[in-house]
1. Could you check region 327-376 and list, in sequence order, the residues that are modelled with pLDDT of 95 or more and open to solvent by 70 Å² or more (accessible area, probe 1.4 Å)?
2. Go through (1) over 27 Å from residue 18 (Cα atoms); (2) within 16 Å of the ligand (Cβ to nearest atom); (3) crowded, with 19+ Cβ neighbours inside 10 Å; (4) not aliphatic (A, V, I, L, M) and name the single condition residue 213 misses.
3. Does any residue in region 129-158 that is at pLDDT 95 or above come within less than 7 Å, Cβ to Cβ, of a residue that is open to solvent by 10 Å² or more (accessible area, probe 1.4 Å) and among the aromatic types (Phe, Trp, Tyr) six or more places away or on a different chain, and which pairs are these?
4. With the condition kept exactly as written, say whether any residue in region 227-248 is crowded, with 18+ Cβ neighbours inside 10 Å, among the small types (Gly, Ala, Ser) and assigned to a helix (DSSP H, G or I).
5. Restricting attention to region 145-156, which residues are under 30 Å from residue 325 (Cα atoms), open to solvent by 10 Å² or more (accessible area, probe 1.4 Å) and of a type outside the set (A, V, I, L, M)?
6. For region 114-144, which positions are β-branched (Val, Ile, Thr) and either surrounded by fewer than 24 Cβ atoms within 10 Å (Cβ to Cβ) or away from the ligand (no atom under 16 Å from the Cβ) (or both)?
7. Which is within 14 Å of the ligand (Cβ to nearest atom), touching a Ser or Thr at 6+ places or on another chain (Cβ under 8 Å), among the small types (Gly, Ala, Ser) and assigned to a loop (DSSP other than H, G, I, E, B), of 188, 169?
8. Taking the criterion of being touching a Gly at 6+ places or on another chain (Cβ under 9 Å) and farther than 13 Å from residue 191 by Cα, would at least one residue in region 11-22 satisfy it?
Amino acid sequence: MLNYKLLTPGPLTTTDTVKKEMLFDHCTWDDDYKKITLSIREKLLKLAHVSEPEYTAVLMQGSGTFGVESVITSVIGDEDKLLIAANGAYGQRMADIAAHARIPYTIYNEEYNKVPSAEKIAEILEKDPKITHVSMVHSETTSGILNDIAAVAKVVKAAGKIFIVDAMSSFGGVDIPVGDLGIDFIISSANKCIQGVPGFSFIICRKDKLMESKGKARSLSLDLYDQWETMNKDGKWRFTSPTHVVLAFAQALREMEAEGGISARAARYARNNRLLIEKMGEMGIRPYIDGSNQGPIITTFFYPDHHNFSFQEMYQYIKDRGYAIYPGKVTDADTFRIGNIGEIYEEDIVKVCDIIRSFFEKHGCLDGDKALSCAG
Ligand SMILES: *Cc1c(COP(=O)(O)O)cnc(C)c1O
């Protein structure tokens, strides 16, 4: 049977015990099932360091984008205006969502290898008092950069605006003090750092801000308030819930606790990431993002100079030997990406780096021990 581990930013490699939960076809209307949903919501609040009644958690069917679209199209009124700080494809996607729903917005575009500046955001807010909401991505998976949401939260809160964070690829893998930062809506999904399987997203919301959004949603199925209202009664989902995914997610949360919570998981991911960058560095392969802004989730690497192979060739070679990597996504450089989240350990990093080394050697990209300069 074809078998490989995913070194991608989600879906990611999950444990057999998480996958095994999906062998049961659970009924949705009984108390057992509703209790599972309620317990997931409670545990998510704990992971975010917040609690009822200030905050509440809503689960939403669909992939991560559905969660982001649910927030943007549900909580921003027709008279409001959104400022999007973007330094990658996922920030850009927020603008796409706003444009589709005809939501008034403005965008502050930053270079993909730079973090959005809190000072610039403060200036924009001062110049344009119409802005009511600010949104940004925490871990921009496009490049692997980790944006400074703490600095931005400070200026957004000082200006009295609502702060929306896409923490899709960081929540659970980087500790986020959601309450202390005053984040109003933070979004992630089942198949990233909590290590569940794809099928729903979740949103941790400041309750008062969620209440104010009642009746504002432009979509029926993505109506955040309505979803919360039904789910909050007794844990029943509005419309069919992804039962197998929910069971797997409940198990993933138990396994996260057993590992030692976010701090232990964050430490494992950070170790994976440090080792990856170090071993690639030994081959002369440089990361696209500066050390100080590089996040612990996924890393974008430049190819060896003058490489004479395609990404497809490299991908296939590595996949045949047990790992799947990711193509680059930054627009201004030729790159590839390696993720290190999921059920991945240092031994996997060592293995994949050895595979990459042998691929580069085969293509004459290494000069003895050290890198680059391929013929061709
Ligand atoms: C994965 C991801 C998303 C959501 O992508 P989907 O394909 O819809 O699950 C959104 N933002 C970021 C930063 C992501 O990493």
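1. Passing the criteria: 345, 346, 347, 351, 354.
2. Here residue 213 meets the rest and fails (2).
3. 137/90; 140/90; 141/90; 142/90; 142/112; 143/112; 143/288
4. The answer is yes; a qualifying residue exists.
5. 148
6. Quick first cut of region 114-144, residues β-branched (Val, Ile, Thr) only: 115, 121, 124, 131-132, 134, 137, 141-142.
Result: 115, 121, 124, 131, 132, 134.
7. Details: 188 fails: assigned to a loop (DSSP other than H, G, I, E, B).
Going through 188, 169 in turn, the sole match is 169.
8. We begin by selecting, within region 11-22, every residue touching a Gly at 6+ places or on another chain (Cβ under 9 Å); these are 11-14, 18.
Next, from what is left, pick out any that are farther than 13 Å from residue 191 by Cα: none.
No, there is no match, as no residue in region 11-22 is touching a Gly at 6+ places or on another chain (Cβ under 9 Å) and farther than 13 Å from residue 191 by Cα.
The values are calculated or read from the model by the stated rules, or taken from the named source; none is laboratory data. Worth saying up front: this structure is predicted, and the values here are computed from it rather than measured. Note that each Cβ is placed from the backbone with ideal geometry, even for glycine, and that neighbours are counted across all protein chains shown. What goes into the accessible areas is simple: the full protein's heavy atoms, side chains included, and nothing from ligands, DNA or RNA. Shrake-Rupley method; radii C 1.70, N 1.55, O 1.52, S 1.80 Å.
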